[in-house]
Each structure stands twice: as C-alpha cells, then as structure tokens.
1. Pick from region 56-83 the residues that are hydrophobic (A, V, I, L, M, F, W, C), part of a loop (DSSP other than H, G, I, E, B) and touching a residue at least 60 places away in the same chain (Cβ under 8 Å): which of them is farthest from Ile146 (Cα to Cα)?
2. Any residue that is among the β-branched types (Val, Ile, Thr) and within 26 Å of Pro61 (Cβ to Cβ) - is there at least one of those in region 128-141?
3. I'd like to check something: does region 136-159 contain any residue that is among the charged types (D, E, K, R), in contact with a strand residue (DSSP E or B) (Cβ under 9 Å, 6 or more places away or on another chain) and open to solvent by less than 30 Å² (accessible area, probe 1.4 Å)?
4. Could we say that Asp105 is outside any helix (DSSP H, G or I), at pLDDT below 90, among the charged types (D, E, K, R) and open to solvent by 30 Å² or more (accessible area, probe 1.4 Å) here?
5. Of the numbered conditions (1) assigned to a loop (DSSP other than H, G, I, E, B); (2) open to solvent by 30 Å² or more (accessible area, probe 1.4 Å), Gly94 satisfies every one except a single condition; which is it?
6. Exactly one of these conditions fails for Ala128: (1) on the phi > 0 side of the Ramachandran plot; (2) assigned to a strand (DSSP E or B); (3) of a type in the set (Gly, Ala, Ser). Give me its number.
7. Just one of Asp53, Asp117, Asp109, Asp86 is under 16 Å from Leu175 (Cβ atoms) and in contact (Cβ under 8 Å) with a residue 12 or more places away in the chain; which is it?
8. For region 66-75, name all the residues that are surrounded by 11 or more Cβ atoms within 10 Å (Cβ to Cβ) and either more than 22 Å from Gly136 (Cα to Cα) or not hydroxyl-bearing (Ser, Thr, Tyr) (or both).
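The values are calculated or read from the model by the stated rules, or taken from the named source; none is laboratory data. Keep in mind that this is a model prediction, so the values were computed, not measured. Counting neighbours? That spans all protein chains shown, and the Cβs are built from the backbone with ideal geometry, glycine included. Accessible surface areas use protein heavy atoms only, side chains included; no ligands, DNA or RNA. Shrake-Rupley method; radii C 1.70, N 1.55, O 1.52, S 1.80 Å.
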Amino acid sequence: MTPVLLLAAEKESAQVTDWAARIGWVVGLALFVALVYWLMREGWKWRGTLQGDLPELPVAPDDPGPAQLSLSGRYHGSTTAGQWLDRIVAHGLGTRSRVELTLTDAGLDVVRPGATDFFIPAGAVREARLDKGIAGKVLTEGGLLIVTWAHGEKLIDSGFRSDRAAEHNEWADALTSMIETNSTEGAER
C-alpha cells in the first residue's frame, strides 16, 4: 500500500472506547466515595462515644407555666461552650432540625420534630447572646441566637436561628433577664 492509502485508512478508523477500563474507573470512584462516607459516619459515632459521659437530656416538666416567648426556626447544633467548632453529638445534640422554642418561668423548652426534644432549666442557663457561627454554620453577625447552659459538669452552647431574625434581640434580652432574676434569687437564699 502506498503511504497515501495508509493515511486515508487511519482517518477512517475511529478510536474504540475501552468500556472495561471506563467501568472500572467508575466503580473504583464509587467505592472510594462510599469509603469516605463510611469513615465520616464512623467518626461521628466515635465522637458520640467519647461524649458518652454527658448525662441524659432533661425533659420538660408537666406544667412549665405560661409561655413568655415562642419561636419557630432552626436548631443548628450544640458545641462545648466557647469552642464554636467542637460539636457535641451525644444524645442527638449534633442533629440539625426544625425547632419550636418556648420560654417559660421554668426554662427553655426545645421541641425538634424528627429529633430528640430537650429542656433547658432556667437555673442552667448561663448566657444568651447573638453570634455569627456555630459548628457547621456561619451567618452574618447576629444571625444566630446562642444559649449557653450547664448540663452535668459541662457548659454547652446551643445555636438557634429564628425564621424571623428580628426576634433574636428580644430572645437574648428575655434570657438575660431570666439569668439575672435567677442569680438574684440564688443570692438571697
């Protein structure tokens, strides 16, 4: 054959796809992604095991009294107080969810559809402030209501975001007032 005919023959030949190699790469990538997710899940469970010394979460009393404030929004998680990246996952505190908060004289009732509800007694609340972030969630300044509370021997920061951000200041003021009232009553005793 002449060189011209060889060039013509090469132009007519299409590149053959190596399906076995392509499928092998796709399966390998899928297995790698599955391994990464499995390792993340195991890490989450390990963190929960390490935080196993955290006592069970308090439940709301049968009659907490009349509601002073209520809020609908999102629960963004809990961390060790002052360490906004040290997420607490024990007892479901690491699970993000919708939330219905109710403030009464007895404390703060946290109702989370699809997750574990808990109650923060009024005497356990240590601080309420507006902040911009908690583990896994960063917003504009004042975008989160952070409630610091004592649970067992640990101080916990829990982050909430209202559907109406204008409510955050009212909540921070009401919780601060409750803390001051409780500390005054404790000093009188």
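1. So, considering only residues that are hydrophobic (A, V, I, L, M, F, W, C), part of a loop (DSSP other than H, G, I, E, B) and touching a residue at least 60 places away in the same chain (Cβ under 8 Å), the one farthest from Ile146 (Cα to Cα) is Val59.
2. no
3. yes
4. Yes: the conditions hold for Asp105.
5. Going through (1) assigned to a loop (DSSP other than H, G, I, E, B); (2) open to solvent by 30 Å² or more (accessible area, probe 1.4 Å) one by one, Gly94 breaks only (2).
6. (1)
7. After ruling out the rest, the residue left standing is Asp109.
8. Ala67, Gln68, Leu69, Ser70, Leu71, Gly73, Arg74
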